[in-house]
Every structure is written in structure tokens, then in C-alpha cells.
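Note sheet for the following structure.
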Amino acid sequence: MKFLRLLVKNLTRNKRRSILTISSIAVSLFLVATLETLMTELKNPPETPDSALRLICRHKVSLFNALPKAHEDKIRAIEGVEAVSGQLWFGGVYKDPANFFANFTVVVDEFFKVYPDLQLTDAEKEEFLADRTGAIVGNALADRFGWKRGDIITLQGTLWPVDAELKIRGIYSGGSDLGTSLYLHWDYLNELMNDFGMVGTISVRARSADDVPRVAAAIDEIFRNSSSPTKTETEKAFVLSFVSMLGDVQLLITSIVSVVTFAIILVAANTMAMSIRERVREIGVLKALGFRARQVMFLLVGEALMLSLTGALLGAFAARLLYSSINMAAITAGFIQRFYVTPGTLLLCAGIGLMTGLISSAVPAWQASRLPVVDALRRVV
Amino acid sequence: MIPIKYNYRSILIRRMGTAMTAIGIGITVAIVVVMLAMIHGLDMTFVESGDNLHLVVIREGSLNEVNSYFERPAYDAIRFLEGIRRDSEDEPMVVGELTIGLNVIRKSGSESNVIIRGTAPMGIALRPGFKLLEGKMFQDGLREVLVTRSISERFQGMALGDTLIVYDQPFKIVGLFEVPDGVYDSEIWCGYNDLAQVSTRPIFSSLLLLAETEEVARNLIDRIEDDERIQLNAFTQKAYFAEQTTSSIGLKALAVFVAVVMGIGSCFAIMNMMYGSVMARQQEVATLRALGFRRGSILLSFLLESGLMGLIGGVAGCAIGLLFNGYSAGTSNLSSFSEVVFNFKVTPEIILQGLAFSLLMGLIGGFLPARRASSVKLIDVLRQ
């Protein structure tokens, strides 16, 4: 395609300008890709087919209020409930508060039935169930601190006035926390706290997706008039409520993305106008040779598109490459577990690139193509 | 030295190009300034919440009032300690409070937790910034509450006269208050007895007391912490809140990331612009050289020009950033998981940082083109 060759030739004429333009667009779109991915991850917590069947039941007033463990029995009796496991945030510190990670006490009897997506060997499961001072840790967490099965670690109590000395009985992978947490026995804490019998939340596994809404409503109904009324929601909704607490952060990120996009277009338009202005004579020659106004315009717009699309795709794919090779969970201590640049985000970046190319070159290209040949040739640049 | 007139005339001639590049830089600076203002506002909310004379006492091992609980005997043990200031009626200025997180909905529809604090008239006296804005003070026993104005504006069902449901019991909002520029400005206050009764938790989350001098405060902290029977920790109010600035860590990281990436992008943009400018002015530069100006002066001159361009953008960006000064927003205090409302604060320091950043971008971006300009070969250019 001769047209394409001409286009590429024109771009390589001033290599430095082309490279700089592509670079600045690429960098800006790298930022856009990163921010978009952050938003997407915040709005879409990791899910597994098992997590879709899980409900989290907490005290209606707020997450801070405890529920009596006795609630478990009433929940178990509801039609459609397969397994129930109470949990209580332990919040222990391992050596230094900066080493923060999530650690929970769990009622172990049906724990693995509620969380079958935690993958570990049957031997590990049995050992954990049998040892009240045992703990299971996620593989990402184990890697972070170099823990192995059989290690004994101490968690200092901050929330609870007791320290926990635990033996690591198993290392799990998978789960909706992607291997970044630690679980210990609720019985262990309960005994140290003189049988206080309280849990923070109760995790419930429903028999099927259809049962989920009905079970949630049933649980809340049973406890509506009790001294500890509940609010039950799917695990996904529960996780999202934490994100919504961050409030205006989403607004902030969206605003930055829009503003950055606007800035890119501006800068690209500037470059485009500059280069077209310099090539007025050359455009005159093209027209004198017989190129039509419309063809000249397409040529100029085509060059702009090629530059901006290349820059956009470069930036987007650089983001994808970078984030697939670093461990976000380790860097953010489990706050962000997964940082995957989705095809949707890549498409968005390509779209912005396209739009930038079109908008930035439209006016200058149109004007240049309409210039009478004589005036163009006469112009001293 | 080439007169600066040359630079700003050149900028004026290439008005459009300069303007567009400056706007691009301006946007980068505006974003950075706004983010810095947000972080500063958030941090200041914690820093300004306390001083060194007020002490916050919570359970040993707890990091926040909300997670702490202890019983009456501890309160009694502390109440009559020496060094606690007495008020005009010779009462020790100590108050025992109960703080609970209440799950509520913002006007925007998203969920959050707001702290409801059961306190006593002494608690009001211990907060010198307290101001009742509208309505009247709550009466313990009548299930009345006060709500801060910022909370009332951000959350559903929290206007003066509305009824708040706390543990399934109706509480009437009888007044709006403020305790400016602090964490207390995002709370709901009511009588201790009312809250203890409906939550069936006759315990204390924290004590707040006023010491007579800073040295006395330090002694009191030691006294309280050494007492084995009560197992409590004491902090100056200042230290207690300073601990909670961890909420802005994520935002700080994001701000640095955005600033660096956009800075790099802007450098490329300036470089592009300046190269174009330099290439077009080769004859001018050659003329200048022929006139006797040295390479160094030319380099400096172009550097100055790109720096100037950066600064123009920086000024525009800071002006835009200033528009956000005082803007009110709310997020989660990651230590207590409850709402903290704060205002964006653009300080002179932040403006200076923004300007310095823009100047830096101008200089870095303009360096290579300036070098190119100064290394122009006289003969080749004059011959063209």
C-alpha cells in the first residue's frame, strides 16, 4: 500500500519528534492504564465459584460489634445452609506493626466446608483441626516471611490482651484473599479470654446460588428482635463495603484519568500543528503533483493516528507487562491482591489513543489540505 | 549573557505552541498540587486534633478508642490522681466515654461507619474548640444527640430534627456542632448513659483528661501505665492522633506515583516543543554566535526559556489547584474504620513545591534541546 509507505516515511523524517511524541503519549497512557486497573480491582474483588456461595453475617449496628457464637446453631438449622463457621479478627502483630497482615480466629468444625477454595493437603487440614494452637498461613504470606510448615511463630495481641504462640500446620494457596492471611483456632482465643463466646462475623455456605438471597433474608429475620440483630450479605458485597468506605477516592481517580486524557490530547495537538506548519511547502508539492485535498488530509490524519496509537498501545502494554511481573499483594501488604490490566482497560487506552490522534490533527490537517497550491509553495517556513 | 528579552519575545512569538505546552504542564502541576492539598488536609486533621496537655487513656494493647474497653474501677482509680486539673467547681477534669462505630449511608449511597460518642458535660468542657452551631445541647436520659455539621451534610437522615436509629432505638438530633479541624469534627455525640443502656455495654472505651502542665502530663502517663491493676495505656492527645495518619499512606504513594509519571510525560512534551523551537531558530542562533555570544550563553539562554515555560505552566497549575482549597471530602480513618471528614488545604509550601516541580520539568526537558542549540555549526547554518 503506497499510501502507508508514504505515511511511515513522513514519520521517520523527523525521528526525534516522532519518538518524543510517542513517548509522551505512552507515559501518559501508562498512568491511565494503572489508574483504570486500580479502579477495576477495587470494584471487583477476586472471586471464586466457592466465594459466590458464601455469605457473611455481621452485627447490624456495625462491624465492630460482636455476635454471640451461639447464633451459629440457629443459622445451621435454616434450609439451604450447608456449613457455618464463625470468625473473629485477631489482629495480632508479628514482630513489627509494619509487617501487617490479616489474621483471623476461626471456628474450625466446618471451616473447610465453608472455605473449600483454600487449597491444602488433607494431612495439613487434619493436623490443623487437631491442634488447637495450630495455624494455617497463605502461600504469599509464607513467602513473605520465609515460614515453613512446623515453624512456631508468635503474634502479639493488640486487640486482645493475649499473645498467641502458634505452630504452622499448613500452607494454603488460593482463596479469595489469594494466600495473604493467617487463620488460627477460635477455641484457643476463647479459652484465653475466659470463654467469652463472641465472634465478629459468621461465614455461611449456601447450597446453591439460588439459595443465597433466601438464606440471607432468613438469617436476618431470625435475629431481628434478638439482642444481637444481624445483617447478612454476599461475601462480594461485604468486601465492597470496605472499598466504599474509602469514599471519594474513586471520584479522585476518575477525575485524574479524565484530566490526564485531556492533557495528552492538548500536547499531541500542539505537536501535530507544529509539524504540519513546518511542512506547508511539502504539502504544496504533493498537491501540485496531483494529490487531492482529501487525500492530503487523510495522509496527515493518518500520521497522527499512527503516532498516537503506537504511543497508547506502548504505554498500555508496558503497564500490563510490568504489573504481571511484580507481586502487588506483597508490596501493599495484602491491601491490593491482584493487579491485572484487563483487555477492557487495554481497549480503553487504544480508544484514547485513537481519539487523541483524530482530535489533535483534525483542524490543522483540514486547514493545510485546503491551502491553495500557489500559497503553499510560496510559503517560507 | 543573552538578554532575557530575547527569551520572552521568542516565547511571545510562538504564542500558541508555548500556551499549549504550558497548559499541559499546568495540568500536571494542578493534579499534583490538588493531591498534595488532599494529603495535607487529611494529615492535618489528625495533627490538629490534640495537644500535649490532654491525655487519652485506653486499654493496654489497643491502638484506638474504638477497639478499647475497660470497666468502672479503672476510671475510679484514675479520677483522683494528682496533677489532673480541676474545674471551677473543684471537679477533676476527667471524662469516661464510650465510642461505637455506627454503620450509616452517605448521601452518595455508599456505606461508611461514623463514630458515636457517649460522653458527659465534662467531655464538652475538655474540648476547647467545641461550638454549638444550631439547636440545643443533648440531655443524657432523653436519647438526644448532637451531630457535626460536616457529618450532617454528608450522610442521609442526619439533618437537625431527624431521628437516628441506634441499636434499634430512636435518638433525636437536637443540635449541630463543630470542633474545627480535627477528628472530632466527624462524630455524633450523645449522653454516656443513653448509649451504654441501648448498647448494653456499661463500659468505657476511653478517658480524656486535662493535666496541669506538660511535665505533669508525662508523669501521669507513667503513673497510669505502671499501674498493674488497671492495665491501661495513656497518650497525649497529640501522640494518639498522630498515630492515625497511616490513613494517608496509600494516598501518598499514589500521589508520588502520579507526580513522577506525569512529570516524565511533561518532560517529553517540553523536549518536543523546545526541539521544534530550536530547529526553527537555527539561523537566529548562528547570528547570535556570529555576533560574539558564546556557546555557554546560548545554552543558558535556552535553558532559561524552557524553565520559564515550565514556570508559566506551574503558575497556571497552582492557580487551578488553589480553586480546590477548602474543598471538603471524607474517607476512612484506617485505624478506626470510621469516617473522617477533612478539607483540602493548599499551603504556601505546597504552592512552592508545585512551582519548583514545574521549573524542574522545564529545565530537565529543555536541557537536551538547549545543548543542541548551543552546538550549532555556524558555517553550515549561515550557508543555508
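A short reminder: the numbers here are calculations on the coordinates, not readings from a lab. Nothing here was measured: the structure is a model prediction, and the numbers come from that model. All Cβ positions, even for glycine, are placed from backbone atoms using ideal geometry, and neighbour counts span all protein chains on display.
Could you give me the ³J(HN,Hα) list for the range A:130-144, computed from phi with Karplus coefficients 6.51, -1.76, 1.60 and θ = phi - 60°, whole Hz, x at Gly and Pro?
Whole-Hz 3J(HN,Hα) from phi for the range A:130-144: 7, 9, 5, 9, x, 8, 10, 10, x, 5, 4, 5, 4, 5, 4.
Can you run phi through the Karplus equation (6.51, -1.76, 1.60; θ = phi - 60°) for the range A:76-88 and list ³J(HN,Hα) in whole Hz, with x for Gly and Pro?
Taking θ as phi minus 60°, the curve returns 4, 7, 6, 5, x, 8, 8, 8, 9, 8, x, 9, 9 Hz for the range A:76-88.
I'd like the orientation of helix A:343-370 relative to chain A: the angle between its Cα long axis and the longest Cα principal axis, in ° from 0 to 90, rounded to 10.
Tilt of helix A:343-370: around 20 degrees.
Comparing B:291, B:300, B:334, which has the greatest mean-square fluctuation in the GNM of chain B with Cα pairs linked when under 10 Å apart?
Largest GNM mean-square fluctuation: B:291.
What average number of partner chain Cβ atoms lie no more than 10 Å from the Cβ of the residues making up B:112-119?
So the per-residue partner count for this stretch is 2.
Rounded, prolate or oblate: pick one for the protein assembly as shown, where a ≥ b ≥ c are the square roots of the eigenvalues of its C-alpha gyration tensor, a/c under 1.5 means rounded, and failing that, prolate if a/b is larger than b/c, else oblate.
The shape class here is prolate.
As an exercise, use a Förster radius of 60 Å and the Cβ-Cβ distance of residue B:13 and residue A:43 to find the FRET efficiency, rounded to the nearest 0.05.
0.80
Which net charge results for the neighbourhood of residue A:341, defined as the other residues with beta-carbon distances under 12 angstrom from its beta-carbon, given Lys and Arg at +1 and Asp and Glu at -1?
Summing Lys and Arg as +1 and Asp and Glu as -1 gives 0.
List, in order, the whole-Hz ³J(HN,Hα) value for each residue of the range B:299-313 obtained from phi through the Karplus relation with A = 6.51, B = -1.76, C = 1.60 and θ = phi - 60°; use x for Gly and Pro.
Ordered by residue, 3J(HN,Hα) equals 4, 4, 4, 5, 4, 4, 5, 5, x, 4, 4, x, 5, 4, x Hz.
Using a basic spin-label model with each label point 7 Å from the Cα along Cα→Cβ, how many nm lie between residue A:3 and residue B:88?
8.8 nm
Report the one residue of A:29, A:18, A:6 whose Cα lies farthest in the direction of the positive end of the charge dipole of the range A:1-44 (charges on C-beta: Lys and Arg +1, Asp and Glu -1; origin at the Cα centre).
Among A:29, A:18, A:6, the one farthest towards the positive end of the dipole of the range A:1-44 is A:6.
If I fit a long axis through the Cα atoms of helix B:282-291 and take the longest principal axis of the Cα atoms of chain B, what angle between them do I get, 0 to 90°, rounded to 10?
In chain B, helix B:282-291 runs at an angle near 70 degrees to the longest axis.
How high is the relative contact order of chain A? Use alpha-carbon pairs under 8 Å, at least six apart in sequence, and give a whole percent.
It comes to 27 percent, rounded to a whole number.
In whole percent, what relative contact order does chain B give with Cα contacts below 8 Å and a gap of six or more residues?
So the answer I get is 29 percent.
Would you be so kind as to identify which of B:124, B:94, B:67 lies farthest towards the positive end of the dipole of the range B:62-126, taking Lys and Arg as +1 and Asp and Glu as -1 on Cβ and the Cα centre as origin?
B:67
In terms of modelled amide H atoms, which long-range or inter-chain residues lie less than 5 Å from the amide H of residue A:92?
Close amide H contacts, sequence-distant or interchain: A:103.
Sort out for me the Cα centre separation of the range B:93-171 from the range A:28-46, rounded to whole Å.
36 Å
What does the average come to when, for each residue of peptide A:267-278, you count the partner chain Cβ atoms lying within 10 Å of its Cβ?
5
Could you state the number of Å between the C-alpha centres of the range B:224-295 and the range B:323-348?
Using only Cα atoms, the two centres lie 20 Å from each other.
Which order do peptides B:233-239, B:337-343 fall in by mean Cβ count within 10 Å, highest first?
B:337-343, B:233-239
Taking amide H atoms as placed 1.01 Å from N in the peptide plane, list the residues 5 or more away in sequence, or in a different chain, whose amide H sits under 5 Å from that of residue B:187.
Residues meeting the criterion, in which the H sits 1.01 Å from N, are B:148.
Checking the table B:107/B:136; A:74/A:236; A:74/A:231 against a 18 Å threshold on Cα-Cα, which pairs fail?
B:107/B:136; A:74/A:236
Suppose the chain between residue B:120 and residue B:382 were pulled fully straight at 0.36 nm per residue; how much longer would it get relative to their current alpha carbon spacing?
Computed gain between residue B:120 and residue B:382 is 85.6 nm.
Along the Cα-to-C-beta direction of residue B:107, a point sits 7 Å from the Cα; which residues of the range B:308-338 have their amide N less than 14 Å from that point?
B:328-330
To the nearest 10 degrees, how steep is helix B:249-280 against the longest Cα principal axis of chain B, on a 0 to 90 scale?
So the helix axis and the longest Cα principal axis differ by about 10 degrees.
If we sort B:272-282, B:214-224 on the protection proxy, mean other Cβ atoms within 10 Å, highest first, what's the order?
Highest-to-lowest ranking by the protection proxy: B:272-282, B:214-224.
Run the quick spin-label model on residue B:4 and residue B:165: label points 7 Å from Cα toward the beta carbon, then report their separation in nm to one decimal.
The two pseudo-label positions are separated by 6.7 nm.
Using Cα positions and a limit of under 15 Å, work out the aspartates and glutamates in reach of residue A:2, with same-chain residues fewer than 8 apart set aside.
Answer for residue A:2, where 15 Å is the Cα cut-off: A:303, listed by chain and number.
Could you compute the net charge surrounding residue A:23? Neighbours are other residues with a C-beta less than 13 Å from the C-beta of residue A:23; K and R count +1, D and E count -1.
Local charge sum for residue A:23: +3.
At a threshold of 8 angstrom on Cα-Cα distance, excluding pairs fewer than six apart, so keeping six or more, what relative contact order does the range A:224-366 reach in percent?
35 percent
Within the range A:162-232, list the trypsin sites (Lys or Arg not before Pro) lying in a DSSP loop whose Cβ has at most 12 other Cβ atoms in a 10 Å radius.
A:224
What is the distance in Å between the Cα centroid of the range A:48-73 and that of the range A:274-313?
Here the two parts' Cα centres lie 63 Å apart.
Once both labels are modelled 7 Å past Cα along the beta-carbon direction, what's the residue A:295-residue B:256 spacing in nm?
Inter-label distance under the simple model: 5.6 nm.
Summing +1 for each Lys or Arg and -1 for each Asp or Glu, what net charge is found among the other residues whose Cβ lies under 13 Å from the Cβ of residue B:235?
-3
Which far-off residues, 5 or more places away or on another chain, put their amide H under 5 Å from the one on residue B:334, with H placed in the peptide plane?
Residues meeting the amide H criterion: B:247.
Once you average over the residues of A:13-25, how many Cβ atoms of partner chains fall within 10 Å of each Cβ?
Taking the mean over all residues of the peptide, I get 4.
Quote the FRET efficiency, to the nearest 0.05, computed for residue A:318 versus residue B:352 with a Förster distance R0 of 41 Å and r equal to the Cβ-Cβ distance.
The calculated FRET efficiency here is 0.80.
Given a Förster distance of 45 Å, report the FRET efficiency between residue B:79 and residue A:119 from their Cβ-Cβ distance, rounded to the nearest 0.05.
0.25
If packing is taken as the mean number of other Cβ atoms within 10 Å per residue, what is the order of B:5-16, A:269-280, highest first?
Answer by packing, highest mean first, reads A:269-280, B:5-16.
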